[in-house]
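Working notes for the structure below.
The values are calculated or read from the model by the stated rules, or taken from the named source; none is laboratory data. Keep in mind that what you see is a predicted model, and the values were worked out from it rather than measured. Note that each Cβ is placed from the backbone with ideal geometry, even for glycine, and that neighbours are counted across all protein chains shown. What goes into the accessible areas is simple: the full protein's heavy atoms, side chains included, and nothing from ligands, DNA or RNA. Shrake-Rupley method; radii C 1.70, N 1.55, O 1.52, S 1.80 Å.
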Amino acid sequence: MTQRTSIAIIGMGGIGGVVASCLQLSGRHQIVVCARRNAEAVTLEQPQGIHRLTLDVVTNPLQADHVDWIILCTKTQDTASASGWFERLCGPSTCVAVLQNGIEHERRVAPYVGSRAVVPAVVYFNGERRSASDFGFRHASEDDIAIPDSATGQAFAALFEGTSLKVSPRQDFPQRLWTKLLLNAVANPITALTRRRLAVFQRGDIHSVASDIIQEGLAVALACGVDLGEKAQSQVLARLLSYHPDVATSMYFDTVNGRILEVDALTGAIVRMGELCGVPTPTNRILLALLQAVSDGAKLEERR
Ligand SMILES: NC(=O)c1ccc[n+]([C@@H]2O[C@H](COP(=O)([O-])OP(=O)(O)OC[C@H]3O[C@@H](n4cnc5c(N)ncnc54)[C@H](OP(=O)(O)O)[C@@H]3O)[C@@H](O)[C@H]2O)c1
């Protein structure tokens, strides 16, 4: 009998809960979830229907052992807090997939995974944790997850065969990574700072700030060797305006709820890469300072 592939999912939020549940439902692999809270009996609502299932959840890194694959699904700012999990889960041939926003997936996990193969991912589906044990997802694009078209990328995609998540190796992965970054770097900061949903982009003055953010991002992408083409700016703006005005972003909800913001991986990445490549990013720099101040305020409140 062939041995089943062992997969650990770190983080049981909107993305981790859905990924773990979909893989578990396929019955093909040995799944363990590394979480901060236990929730073994889980409900998954997906377009095909509602499923009840049981997950193997561990809450202490000492309960974890080497696996074939680690799928990191925490928010970017929580990556360092998962170091204990990586220490226990990484064997000599473990591969790591990073399902997070931003563009610096490899850099974020490098301190914890040594020379192991890392698969960065662009997550397109909407994953929602409605309660500790209740998850739902909606397809939001042709692909649910895009990854590089490499041997390890293809091996990662193969894990999801027979599940309801469509994971696609894509040759234009760098373009997809930057396009998603630009969309996030416009929608999240502006909705968070104005505390308004996407309807705010119907204002002419906000539309013009959005154009500045994208223009700077496009120049940085180009300097990094990723050409998104002449139409990229209007395409990102059109995409933003195509969503229902009542839709809100995760950073909007995090601001309203006084939580730490995932800003360093989005606006911070544009500013950082701009500095590296000598491309000025004045608008993103201002947004970064404002949002870091908001986020640090939430951190201070958490410590009280
Ligand atoms: N949700 C979406 O639709 C969506 C779409 C595209 C991209 N993304 C990106 O995907 C990533 C994950 O997002 P998400 O929505 O799943 O976030 P989330 O709902 O906040 O879930 C993150 C989970 O990670 C857990 N966690 C944090 N540190 C941990 C640690 N050290 N050990 C174990 N668990 C830990 C959190 O635990 P607690 O519950 O204890 O806080 C939380 O359950 C983000 O980069 C996000 O931007 C999300």
If R0 = 45 Å, then Ala238 and Ser115, at their Cβ-Cβ distance, give a FRET efficiency to the nearest 0.05 of 0.60
Gain on full stretching of the segment that runs from Arg196 to Asn38 - 0.36 nm per residue minus C-alpha separation
53.5 nm
Euclidean distance between Cα centres, the stretch 109-172 to the stretch 182-246, Å
24 Å
Computed over the chain: relative contact order in percent, which uses C-alpha pairs under 8 Å that are six or more apart:
14 percent
What percent antiparallel are the DSSP beta bridges of the chain, to the nearest 5?
35 percent
If each of Glu142 and Thr5 carries a label point 7 Å out from its Cα toward its Cβ, how far apart are those two points in nm?
2.3 nm
What's the Kirkwood radius of the chain in Å, using all Cα pairs?
20.0 Å
Sticking with the crude label model, points 7 Å out along Cα→Cβ, report the distance from Glu106 to Ala223 in nm, one decimal please.
2.1 nm
Quick tally, 1.4 Å probe accessible area for Thr249, Thr179, sorted with the most first, runs Thr179, Thr249
Using a Förster distance of 25 angstrom, determine the FRET efficiency expected from the C-beta separation of Ala151 and Gln175, and round it to 0.05.
0.75
I'd like the accessible area for Arg259: 1.4 Å probe, protein heavy atoms, all chains in place, Å² to the nearest 10.
110 Å²
For the full complex of protein chains and a 1.4 angstrom probe, list Ser115, Ser83 by accessible area with the highest value first.
Ser115, Ser83
Okay, helix-only estimate at 222 nm for the chain: each DSSP H run of n ≥ 4 adds -39500 (n - 2.57), divide by all residues, round to 500 deg cm²/dmol; what do you get?
-13500 deg cm²/dmol
Quick one: with all protein chains in place, what share of the accessible area of the chain is carbon or sulfur, to the nearest percent (1.4 Å probe)?
49 percent
Using the Karplus curve 6.51 cos²θ - 1.76 cosθ + 1.60 with θ = phi - 60°, work out ³J(HN,Hα) for each residue of the stretch 169-186 in order, rounded to whole Hz, and write x for Gly and Pro.
x, 10, 5, 8, 4, x, 5, 5, 4, 6, 4, 5, 4, 5, 4, 5, 6, 8
For the chain, compute the number of Lys pairs whose alpha carbons are separated by less than 19 Å, excluding pairs fewer than 8 positions apart on the same chain.
4
For the stretch 160-299, calculate the relative contact order in percent as a whole number, restricting contacts to Cα pairs under 8 Å that are 6 or more residues apart.
30 percent
Where a ≥ b ≥ c are the square roots of the eigenvalues of the C-alpha gyration tensor, would you call the stretch 133-279 rounded, which needs a/c under 1.5, or, failing that, prolate if a/b is larger than b/c, or oblate?
oblate
Candidate residues Tyr252, Tyr112: accessible-area rank, largest first, probe 1.4 Å
Tyr112, Tyr252
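Stretch Cys277-Ala289 to full length: gain in nm at 0.36 nm per residue minus the Cα-Cα span?
2.3 nm
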